[in-house]
Amino acid sequence: MKEAILTDRISSYLDEVEAVVKSISRADVRAVVDRLFEAWQQRRTTYIVGNGGSASTASHMMNDLNKMSTVDGLPRFRAIALTDNVPYMTAIGNDIDYADIFVEQLRNLLLPNDVLIALSGSGNSENVIRAVKYARETGAVSIGLCGNAGSRLCEAADTVVTVSSKNICQQEDVHLILNHAVALALRDRIGSTR
């Protein structure tokens, strides 16, 4: 009996993820690739933020955008995950406010026309929202990878991809799938410039 319950949970979870992936707007994902390709053309830097599982995805995305998009003989993509500087994040969180852990880093780094990718299942994390608002004030481009539509992040970001699932685990799974799809599509776009 326990084996049947486990099998049912596995099947239902995977079936639900499949349905969520199928529901994603391909046009919205292509718009993300377009924004990142423009940043590559202009030699701009892309910064990535998120909390918890989204912080892990931010680090993974930085890795993939930098490595997977590389085409021999062409300039490299420039991405930095602001989640990876733990000493700076904890200093800001301790000395200023946890809600400022990303925006304070951006004050040192972000330039007009740079890109900020904000990952959030809830779409309402204050530190992520402050970063997106700062990006707008600076003249940078913001991309939001969100859970369901209607969140603060979906409203604040310039380009948005929503993952229509109420299950945070599935939102995080699909954000990672989107990471791979975007990095591979970006490599194709960069390679096409030869």
Notebook entry, point to check: Could we say that D114 is modelled with pLDDT of 95 or more, under 16 Å from G50 (Cα atoms) and touching a Lys or Arg at 6+ places or on another chain (Cβ under 7 Å) here?
Noted result: no
Notebook entry, point to check: Identify, please: which residue in region 7-58 is of a type in the set (A, V, I, L, M, F, W, C) and either outside any helix (DSSP H, G or I) or on the phi > 0 side of the Ramachandran plot (or both) and is, among those, farthest from the chain's Cα centre (by Cα)?
Noted result: I24
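Please specify each residue of region 79-91 satisfying the condition of being without any contact (Cβ under 8 Å) to a residue 12 or more places away in the chain and of a type outside the set (S, T, N, Q).
Going residue by residue through region 79-91, those that are without any contact (Cβ under 8 Å) to a residue 12 or more places away in the chain are 86-87, 90-91.
Matches in region 79-91: V86, P87, A91.
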Notebook entry, point to check: From the residues in region 13-33 that are free of Cβ contacts under 8 Å to residues at least 40 places away in the same chain and not hydrophobic (A, V, I, L, M, F, W, C), which one is nearest to I117 (Cα to Cα)?
Noted result: R26
Next item on the list: Give the number of residues within region 92-104 that are free of Cβ contacts under 8 Å to residues at least 40 places away in the same chain and either closer than 18 Å to A58 by Cα or within 19 Å of the chain's Cα centre (by Cα) (or both).
Entry: 6
Next item on the list: Return only the number of the condition from (1) modelled with pLDDT under 95; (2) touching a strand residue (DSSP E or B) at 6+ places or on another chain (Cβ under 8 Å); (3) among the polar types (S, T, N, Q) that S165 does not satisfy.
Entry: (2)
Margin query: Among the residues in region 62-77, are any surrounded by 17 or more Cβ atoms within 10 Å (Cβ to Cβ), in contact with a Gly (Cβ under 7 Å, 6 or more places away or on another chain) and either without any contact (Cβ under 8 Å) to a residue 24 or more places away in the chain or under 24 Å from G139 (Cβ atoms) (or both)?
Written below: no
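The values are calculated or read from the model by the stated rules, or taken from the named source; none is laboratory data. Everything quoted here is computed from the prediction, not taken from an experiment. When we count neighbours, we look across all protein chains shown, and the Cβ atoms used for this are built from the backbone with ideal geometry, even at glycine.
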